[in-house]
Amino acid sequence: MFAGVVTSGLGEGAQYVEKYNKYFQEVLGVQFFPGTVNLKVRERPAMQNGTIVTPEEDGLFPVTCYPATCDEKQVFVVSPRKTEHGDDIVELLATENLRESLHLQDGDELQCELD
């Protein structure tokens, strides 16, 4: 179990999710809502046995995805090989807009559990 505080990101998540979605579909069997939810964590959760998604497009780098559950919603923690975020930010992917479906705003705490 880990928890974090919802925080705004760099505003680039949507474009990257859209670029990666065909690879997520091929490897994970799912396409995600174009955007991520960023959680600022005190301590990064210990993540093991993730699924590596390796895009074949120039300029895109591998990401590792870890299934998780946040407030009864199925999500994936995405860990990009190349990122502008520090170790205190965990990015979440979901098939729906988590900010809307969970009524999340910056500053809210969200608890998640890796599956």
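Go through the cysteines of the chain and tell me which have no other cysteine Cβ under 4.7 Å away.
When partners are defined as cysteine Cβ atoms under 4.7 Å apart, the chain leaves Cys65 without one.
Only one of the values [x] 48; [y] 56; [z] 45 was calculated from this structure for percent of Cα pairs over 18 Å apart; name its label.
Here percent of Cα pairs over 18 Å apart agrees with entry [z].
Mean residue ellipticity at 222 nm from the helices of the chain, using -39,500 (n - 2.57) per DSSP H segment of n ≥ 4 over the full residue count, to the nearest 500 deg cm²/dmol? Working shown, then result.
Details: 2 runs with 20 residues, N = 115.
My calculation for the chain gives -5000 deg cm²/dmol from helical runs alone.
Does anyone have the angle between helix 13-28 and the longest principal axis of the chain? Alpha-carbon axes, 0 to 90°, nearest 10?
Computed tilt is about 70 degrees.
Values quoted throughout were computed directly from the atomic coordinates according to the rules given, and no laboratory measurement underlies them. Keep in mind that what you see is a predicted model, and the values were worked out from it rather than measured. Glycine also receives a Cβ, built like all others from the backbone with ideal geometry; neighbour counts cover every protein chain displayed.
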